[in-house]
Amino acid sequence: MAKIKPVNIGGVVVSNATLHNEDEILRKDIRVGDTVKIERAGDVIPHVISVDKSKRINNSNKYKFPEKCPSCGSRVIKEFNNQTKKYDAVKRCTSEGFECEKMAIEKIKHFISKDALNIDGLGKKVIEKFWDLNFIRLPQDIFKLNYNKIETLDGWGKLSVANLRYAIDQSKKISLEKLIFSLGIRHIGQENAKLLSQSIKNYENFSKINSNFNFNTFLTIDGIGETQIKSLKKFFSNKSNLELIGEIKKYMIVKNVEKSASGKFKNKTFMFTGKLEGISRAEAKSLIEKNSGKILSSVNGKLNYLIVGDKPTVRKVNQAIELKVSVIKQQDFQKMLD
Ligand SMILES: [Zn+2]
């Protein structure tokens with residue numbers, strides 16, 4: 001964010017303008033103390049268009065971006081994104097596990113968040129407070145809280161502590177899918193956590209994963225690629241992460257993944273292209289899933305059937321033919337269902 005001398009643009013006094021990121025600052029050669037042209041469009045945060053170099057002071061300083069994490073001193077890097085074939089714009093701390101204080105706090109916040117353990121009454125602010133008081137350093141510390149101590153804190157009483165205790169107890173029963181998501185493994189969001197849990201099946205299998213595990217077995221899962229495998233390897237080669245997974249057994253009950261149904265499309269994968277007749281995509285998808293089939297998001301070697309509707313994407317059809325995928329019409333698909 002650029003802090004600029006307040007200026008009135010179309011009736012709004014602007015004193016901040018976004019600089020986006022390091023690459024953008026370098027590209028536009030924006031320096032400390034520069035005079036800049038800014039633009040404000042709609043409700044978007046004003047942004048810097050260019051620098052008026054004629055007004056630049058002599059020996060102006062370029063912005064220096066940290067080479068080390070301001071929190072823990074680890075090296076920071078820009079990751080290479082395999083999808084875009086570009087380096088990320090943001091730098092990240094290379095620390096894994098909980099050695100980096102700022103990252104540890106955020107990991108605990110993620111652990112208890114709505115889509116993870118979902119603990120009512122344990123919000124981000126409370127986590128920060130408990131951290132400052134040295135009550136928590138690791139996610140599993142949530143289960144070791146001293147409630148008597150909490151009761152003596154400002155803003156807490158018998159009832160709120162009882163509620164917190166209840167909410168934490170409630171969170172101990174969890175699905176494997178949510179547990180995997182809650183660990184905050186980079187590139188493993190809700191969808192990937194679900195896919196992984198279906199492949200891993202139960203906590204016992206999960207707890208056996210370590211750096212010796214053959215992570216490439218996950219490559220057969222549609223949606224899991226090199227990026228995710230790399231991230232999983234990094235996560236499971238860290239001692240604190242393995243300790244966390246080991247300790248979970250003491251406090252939590254992880255439900256097994258229910259056996260997958262044995263519908264007629266078991267182990268079969270489908271994809272659509274073009275408009276279907278008399279049925280929406282969503283309905284067709286749910287029909288496939290009800291019969292234990294799977295929907296893929298791209299034409300690849302794992303695809304079994306490409307269902308072609310009206311005005312299909314020619315590229316997808318050609319790709320499918322090339323990969324010897326069965327290209328079928330909607331009527332054929334309906335026959336399969338019957
Ligand atoms: Zn760090």
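Descriptive notes on the structure:
- Any hit, the stretch 118-133, residues being touching a helix residue (DSSP H, G or I) at 6+ places or on another chain (Cβ under 8 Å), over 15 Å from Ala167 (Cβ atoms) and within 16 Å of the ligand (Cβ to nearest atom): yes
- Residue in the stretch 191-200 that is farther than 20 Å from Phe98 by Cβ, of a type in the set (S, T, N, Q) and loosely packed, with under 13 Cβ neighbours inside 10 Å present: no
- Some residue of the stretch 226-241 being closer than 27 Å to Glu322 by Cβ and without any contact (Cβ under 8 Å) to a residue 40 or more places away in the chain: yes
- Top-ranked residue in the stretch 266-287 [being modelled with pLDDT of 90 or more and in contact with a Lys or Arg (Cβ under 9 Å, 6 or more places away or on another chain); ranked as surrounded by the most Cβ atoms within 10 Å (Cβ to Cβ)]: Phe270
- Hey, Glu67 outside the structural domain of Leu19 (by TED's automatic domain parsing), surrounded by 14 or more Cβ atoms within 10 Å (Cβ to Cβ) and within 16 Å of the ligand (Cβ to nearest atom) or not: no
- Of residues in the stretch 92-105 being assigned to a loop (DSSP other than H, G, I, E, B) and touching a helix residue (DSSP H, G or I) at 6+ places or on another chain (Cβ under 8 Å), the one nearest to the ligand (Cβ to nearest atom): Ser95
- Counting only helices (runs of 4 or more DSSP H) wholly contained in the stretch 133-241, the ones carrying 1 or more residues that are farther than 24 Å from Ser298 by Cβ occupy 147-151, 158-170, 176-182, 203-207, 226-236.
- Any hit, the stretch 136-155, residues being surrounded by 14 or more Cβ atoms within 10 Å (Cβ to Cβ), under 27 Å from Lys255 (Cα atoms) and among the polar types (S, T, N, Q): yes
- Scanning the stretch 277-307 for residues that are among the acidic types (Asp, Glu) and free of Cβ contacts under 8 Å to residues at least 24 places away in the same chain returns Glu283, Glu289.
- Filter result for the condition that a residue is away from the ligand (no atom under 16 Å from the Cβ), in the same structural domain as Gly223 (by TED's automatic domain parsing) and under 25 Å from Phe236 (Cα atoms), over Ile180, Ile136, Ile142: Ile180
- In the stretch 61-105, the residues that are under 21 Å from Pro139 (Cα atoms) and touching a residue at least 40 places away in the same chain (Cβ under 8 Å): Glu96, Gly97, Phe98, Glu99
- Number of the exception - Ile108 against (1) part of a loop (DSSP other than H, G, I, E, B); (2) β-branched (Val, Ile, Thr); (3) within 16 Å of the ligand (Cβ to nearest atom): (1)
- As a summary of the residue check, Lys249 satisfies the conditions (1) touching a strand residue (DSSP E or B) at 6+ places or on another chain (Cβ under 8 Å); (2) within 28 Å of Leu183 (Cα to Cα) except for the one numbered (1).
The values are calculated or read from the model by the stated rules, or taken from the named source; none is laboratory data. All values reported here derive from a predicted model rather than from experimental measurement. Cβ: placed from backbone, ideal geometry, glycine included. Neighbour counts: every protein chain shown.
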